[in-house]
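The values are calculated or read from the model by the stated rules, or taken from the named source; none is laboratory data. A quick note: this is a predicted structure, and the numbers were derived from the prediction, not measured. Neighbour counts run over all protein chains shown; Cβ positions are idealised from the backbone, glycine included.
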Amino acid sequence: MTAMRTEPAPPPASRAAAKPSHWQEYAIEAALLGTFMLSACLFTVVLFHPASPVPGLVPDRLLRRVLMGLAMGSTAVSLVYSAWGKQSGAHFNPAVTLTFARLGRVAPRDAAAYVVAQFLGGIAGVLVAMLLAGRLVADASVRYAVTVPGPAGPGVAFAAEVVISFILMTVVLEVSNHPRLGRFTGLCAGLLVAIFISLEAPLSGMSMNPARTVSSAVWAHEWTALWIYFTAPLLGMLGAAELHLLRRGPQPDACAKLHHQNEKRCIFCEHRMAQGTSRGPAAL
């Protein structure tokens, strides 16, 4: 009786090659939200702290919110199209990452690592702002750029966060899947950030991002209605994803990067190719 031949087990190096490390993308996600929070804190100081000349020059609070919206929208766009953003996909938001994971665009282990990195990076970003601006960031006019419900109360804040999160993710999914408009996904997202800060901030503080809210809350010790910022953004974005699935049916989606047309590696396309769900060059 002939003995059965067995293939030798792959060496450790081969197993490692089968699951390449994505630590660079995780570190980038931390750095992206950290930079966003640094920008949020510093621009809040410039536009709202009484020691700044801006409140005297621009006394209208709505106009200063518009300026804040433009500053943060520009920050978001810059991060999306930066070398870092091109590699990690520039989510810098757990709700965005988990929604893409729901759509099958992100591997579960990458989604988990992204979420952890985003929280840690955001907290570190506010710490850097404190080191740079000192007590200015802690002033009552700045309060570490916290997001809390406005005078209308938690119910209105919750509804507002659901709505703006739904709108943002709907636009991201629709634009990113358009063959000619996909490259403008980051611009559209940044424009919405600017509009929401200008108009919606008095209702909820305009978060759409659990990690963004926690990043400020840790240093401000401000945990008012934290449940809103963990549930509403995720509900709004997942709702947009479900509607997207209903409209598109079984058609494969584009990549989870907000800007895919670049030379950087794509861990999301690697995941989908491994799952046999990539639609090839047309997805780029």
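Within the stretch 164-183, the only residue that satisfies the criterion of being hydrophobic (A, V, I, L, M, F, W, C) and surrounded by fewer than 16 Cβ atoms within 10 Å (Cβ to Cβ) is LEU181. Scanning the stretch 46-85 for residues that are among the charged types (D, E, K, R) and buried (at least 18 other Cβ atoms within 10 Å of the Cβ) yields ARG64, ARG65. Residue pairs whose Cβ atoms lie under 7 Å apart, separated by 6 or more positions or on different chains, with the first residue in the stretch 103-127 and at positive phi and the second of a type outside the set (D, E, K, R), are GLY104/THR277. Name the residues in the stretch 58-89 that are touching a Lys or Arg at 6+ places or on another chain (Cβ under 7 Å) and either under 17 Å from MET208 (Cα atoms) or without any contact (Cβ under 8 Å) to a residue 40 or more places away in the chain (or both), would you? Hit for the stretch 58-89 is VAL58, nothing else.
Beta carbons closer than 9 Å, at least 6 apart along the sequence or on distinct chains, pair a first residue in the stretch 24-46 that is more than 23 Å from PHE268 (Cα to Cα) with a second that is among the basic types (Lys, Arg) and surrounded by fewer than 24 Cβ atoms within 10 Å (Cβ to Cβ) for THR44/ARG143.
For the residues ALA211, ALA240, ALA220, ALA254, the requirement of being out of contact with any Asp or Glu (no Cβ under 6 Å at 6 or more places or on another chain), at pLDDT below 95 and among the hydrophobic types (A, V, I, L, M, F, W, C) singles out ALA254.
In the stretch 103-148, the qualifying residues are those that are hydroxyl-bearing (Ser, Thr, Tyr) and in a helix (DSSP H, G or I), and the one that is farthest from LEU245 (Cα to Cα) is TYR144. Against the list (1) over 22 Å from ARG64 (Cα atoms); (2) of a type in the set (Ser, Thr, Tyr); (3) buried (at least 20 other Cβ atoms within 10 Å of the Cβ), the condition THR231 fails is (3). Looking only at residues of the stretch 193-212 that are among the aliphatic types (A, V, I, L, M) and farther than 17 Å from SER39 by Cβ, we find that the one that is surrounded by the most Cβ atoms within 10 Å (Cβ to Cβ) is LEU203.
Under the condition of being without any contact (Cβ under 8 Å) to a residue 24 or more places away in the chain, of a type outside the set (Asp, Glu) and assigned to a helix (DSSP H, G or I), the residues counted in the stretch 226-263 number 5. A single entry from SER176, SER204, SER198 fulfils the requirement of being among the small types (Gly, Ala, Ser) and without any contact (Cβ under 8 Å) to a residue 60 or more places away in the chain: SER204. Among the residues of the stretch 91-124, the ones that are touching a Phe, Trp or Tyr at 6+ places or on another chain (Cβ under 7 Å) and under 21 Å from GLY186 (Cβ atoms) come to 8 in all.
Does the stretch 128-141 hold any residues that are under 22 Å from the mean Cα position of the chain (by Cα) and surrounded by 18 or more Cβ atoms within 10 Å (Cβ to Cβ), and which are they? ALA129 - this is the single residue of the stretch 128-141 that is under 22 Å from the mean Cα position of the chain (by Cα) and surrounded by 18 or more Cβ atoms within 10 Å (Cβ to Cβ).
Out of all the residues in the stretch 179-191, which are aliphatic (A, V, I, L, M) and free of Cβ contacts under 8 Å to residues at least 40 places away in the same chain?
Residue satisfying the conditions is LEU181 alone.
Taking (1) assigned to a helix (DSSP H, G or I); (2) farther than 30 Å from GLY153 by Cα in turn, ARG212 satisfies each apart from (2).
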